[in-house]
1. Whole-Hz ³J(HN,Hα) for each residue in segment 34-51, computed from phi via Karplus 6.51 cos²θ - 1.76 cosθ + 1.60 with θ = phi - 60°, x for glycine and proline: what do you get?
2. Output ³J(HN,Hα) for segment 73-88: one whole-Hz value per residue in order, computed from phi by the Karplus curve 6.51 cos²θ - 1.76 cosθ + 1.60 with θ = phi - 60°, and x for Gly and Pro.
3. For GLN199 and ALA148, what does the FRET efficiency come to when R0 = 41 Å and r is the distance between their Cβ atoms, rounded to the nearest 0.05?
4. Note the angle between two axes, namely the Cα long axis of helix 52-66 and the longest principal axis of the Cα atoms of the chain, as a number of degrees from 0 to 90, rounded to the nearest 10.
5. In degrees between 0 and 90, to the nearest 10, how far off the longest principal axis of the chain does helix 190-223 point, with axes built from Cα atoms?
6. Among GLY131, VAL156, VAL27, whose Cα sits farthest toward the positive end of the charge dipole of the chain (+1 at Cβ of Lys/Arg, -1 at Cβ of Asp/Glu, about the Cα centre)?
7. How large is the direction-averaged shadow of the alpha-carbon convex hull of segment 3-184, in nm²?
8. Quick one: which residues, 5 or more positions from ARG78 or on another chain, have an amide H under 5 Å from its amide H? H modelled 1.01 Å from N in the peptide plane, none for Pro or chain starts.
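Every read-out reported here was derived from the displayed coordinates using simple, explicitly stated rules and does not represent laboratory data. Everything quoted here is computed from the prediction, not taken from an experiment. Here Cβ is always computed from backbone atoms with ideal geometry, including for glycine, and neighbour counts include all displayed protein chains.
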Amino acid sequence: MGLFKLFKEDVDVVFDQDPAARSYIEVILTYSGLHATWAHRVAHAIYKRKFFFLARLISQISRFFTGIEIHPGAKIGRRFFIDHGMGVVIGETCEIGDNVTLFQGVTLGGTGKEKGKRHPTLKDNSLVATGAKVLGSITIGANSKIGAGSVVLKDVPDNSTVVGIPGHVVVQDGKKIRQKDLDHHKLPDPVYDRLNEMQEEIKNLCLQLEKEEKGAKEHEHKSL
C-alpha cells in the first residue's frame, strides 16, 4: 500500500475511534497522535533505506512537537490510532499489527541493554490503555486489552484482558479468570514482612544470649 493511502486510512481511523472528531480539517491540523504516526511512517521508510541519522532526526522533531516518541525502526501496521498521546514511547524493535490503539502515557519498552528483539509485539486489534507499561520481548495477543496503569512483563494470550502490577489475565475468551491474589485487603507488604522477620531474628538472638549467660553462670558457680 502506498504512503498516501496509509495517510488516508490513518485519518479515517480517527473518525472510527474518536467521537470528538468533527471534520477532516480539524483532525489533520490538530491531532498530535495522527501527526506522530505520519512522521513515523516517513521516518520508517527512510530508516529501511539505512539513512539512520535522518530517520532519527525526523522522529525527534516529531517528539518535540507531539510529545510522542516512536523509534523509526518500529514496525507499525495499518489503522494505528494514538488517542491524545502525550508521553507515549515506542521502542526500536516493537512490532505493532493492524487496528491497534494506544492511549496517553503508554510505554512499549525494553527491560535492559540486551541486543536483538527487546521490545513488545502487539498483534491485531489490541488496545493498551492510559499509563500502561508493556516491557520486554513479549507478545500481546490479538484482540487483547491492557488496563490503565498496568505493568506487563509476560506474554498475553489472544482475546484477553490484563490488569495490575505485575499484569495478570482477568478475562480470557469472554470468561473471568479466578485469581487467588485479588483480595485487595490482603495485598503484600514487603516492609511489614521484613520487619516481622527481623523481630523474629532478634527474639531468637535474645533467647540464645540468655541461654549462654545462664550456662556461663552455672559454670562459674561450679568453679566456686
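1. Once rounded to whole Hz, the list reads 5, 4, 5, 5, 4, 4, 5, 4, 5, 4, 5, 4, 5, 4, 5, 8, 6, 8.
2. The phi angles translate into x, 5, 9, 10, x, 7, 6, 7, 10, 10, 8, 6, x, 3, x, 5 Hz.
3. So the FRET efficiency works out to roughly 0.60.
4. Its long axis makes an angle of about 80 degrees.
5. Tilt of helix 190-223: around 20 degrees.
6. VAL27
7. Numbers: hull surface 44.2 nm².
So the mean shadow area of the Cα hull is 11.0 nm².
8. ASP98, ASN99
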